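What follows is one structure encoded as structure tokens, with my remarks underneath.
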Amino acid sequence: MTEAGPLILVVEDEAPMRRFLRVSLTSNGYRLVESETGQDALAQAAARNPDLILLDLGLPDQDGLTVTERLREWATAPIIVISARGQEEDKIKALDAGADDYVTKPFGVGELLARIRVALRHKAISGTGGSQFTAGDLNVDLGRRQVLVRDKEVHLTPIEYKLLTTLIKHAGHVVTHRQLLREACGPNSSNQTQYLRVYMGQLRHKLEENPSRPAYLLTEPGVGYRIRPRD
Ligand code: CA
């Protein structure tokens with residue numbers, strides 16, 4: 001028999017959605033714990049120590065944002081929030097509160113599985129403290145602070161370098177505008193999204209072969225940015 005797959009805590013109050021997730025995940029080798037409320041989710045997360053948490057934002061007893069905040073007081077497992085259309089504001093708040101990624105209903109199984117794989121891989125990588133980041137032609141040596149594109153060194157300004165390393169730290173995951181500005185530019189800059197667009201444009205011109213159709217530095221419309229790790 002195959003060894004036990006990663007354990008996923010599914011927090012979702014709608015039965016059809018839970019059934020869809022159960023079928024999709026168990027048929028792909030994942031083990032499941034299910035919760036219908038935020039209260040139960042917190043208890044299950046503590047009792048079962050899941051490898052990943054799938055969290056619906058619209059729960060009957062408390063909102064997913066509160067659950068995310070409570071989980072992040074101690075849990076390190078990646079959190080992927082499931083949002084419905086019209087919950088954009090909550091989705092961004094959940095990411096700011098420490099969620100790692102999101103999927104928007106309706107979503108396909110393929111998309112969900114890809115997000116889960118990235119989140120679990122990132123969890124494994126971040127534990128090893130690797131100092132190299134590679135994505136296609138882009139190579140960043142974090143120890144030597146050296147950025148290479150197609151083997152040629154690229155010079156970045158301090159702020160561009162910080163934005164890049166912040167995205168690398170969360171590779172594969174969406175980083176909100178606020179989070180990026182706070183981590184890269186300091187706590188007082190989190191409302192300066194217009195500058196962020198300019199810096200990201202500069203960064204793309206230096207790193208991307210075609211800055212208007214970026215291959216690595218991806219825009220998450222209305223939310224933030226994401227760097228695509230090596231596939
Ligand atoms: Ca719901």
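Points worth noting:
- Residues that are within 15 Å of Arg31 (Cα to Cα) and either at pLDDT below 95 or within 16 Å of the ligand (Cβ to nearest atom) (or both) within the range 52-63 comprise Ile53, Leu54, listed in sequence order.
- Residue check for Val81: touching a Phe, Trp or Tyr at 6+ places or on another chain (Cβ under 6 Å) and β-branched (Val, Ile, Thr): yes
- Unmet requirement for Ala215, which otherwise passes all of (1) touching a His at 6+ places or on another chain (Cβ under 8 Å); (2) assigned to a loop (DSSP other than H, G, I, E, B): (1)
Residue-by-condition table, conditions (1) within 16 Å of the ligand (Cβ to nearest atom); (2) among the acidic types (Asp, Glu); (3) out of contact with any helix residue (DSSP H, G or I) (no Cβ under 9 Å at 6 or more places or on another chain):
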{"residue": "Ile8", "(1), (2), (3)": "no, no, no"}
{"residue": "Phe20", "(1), (2), (3)": "yes, no, no"}
{"residue": "Leu25", "(1), (2), (3)": "no, no, no"}
{"residue": "Tyr30", "(1), (2), (3)": "no, no, no"}
{"residue": "Ala45", "(1), (2), (3)": "no, no, no"}
{"residue": "Asn49", "(1), (2), (3)": "no, no, yes"}
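Rundown of residues vs (1) over 29 Å from Asn28 (Cβ atoms); (2) aliphatic (A, V, I, L, M), yes/no style:
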| position | (1), (2) |
| --- | --- |
| Val109 | no, yes |
| Arg115 | no, no |
| Ser131 | yes, no |
| Thr134 | no, no |
| Asp137 | yes, no |
| Thr176 | no, no |
| Ser189 | yes, no |
| Pro214 | yes, no |
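- Pairing residues of the range 4-29 that are on the phi > 0 side of the Ramachandran plot and outside the structural domain of Pro78 (by TED's automatic domain parsing) with residues that are away from the ligand (no atom under 12 Å from the Cβ) and not polar (S, T, N, Q), at Cβ distances under 8 Å and at least 6 apart in sequence or on separate chains, gives no pairs at all.
- Flag for Leu54 being assigned by TED's automatic domain parsing to the domain that holds Glu73 and farther than 23 Å from Ala114 by Cβ: no
- Residue that is farthest from Arg121 (Cα to Cα), among those in the range 188-231 that are touching an Asp or Glu at 6+ places or on another chain (Cβ under 7 Å) and surrounded by 18 or more Cβ atoms within 10 Å (Cβ to Cβ): Tyr199
- For the range 91-111, the count of residues that are farther than 26 Å from Val175 by Cα and not assigned by TED's automatic domain parsing to the domain that holds Gly172 is zero.
- Taken over the range 64-79, the criterion of being of a type outside the set (D, E, K, R), assigned to a helix (DSSP H, G or I) and more than 16 Å from the ligand (Cβ to nearest atom) is satisfied by Leu71 alone.
The values are calculated or read from the model by the stated rules, or taken from the named source; none is laboratory data. Note that the coordinates shown come from a computational prediction; the quantities given were computed from them, not determined experimentally. So basically every Cβ, Gly included, is an ideal-geometry build from the backbone, and we count neighbours across all protein chains shown.
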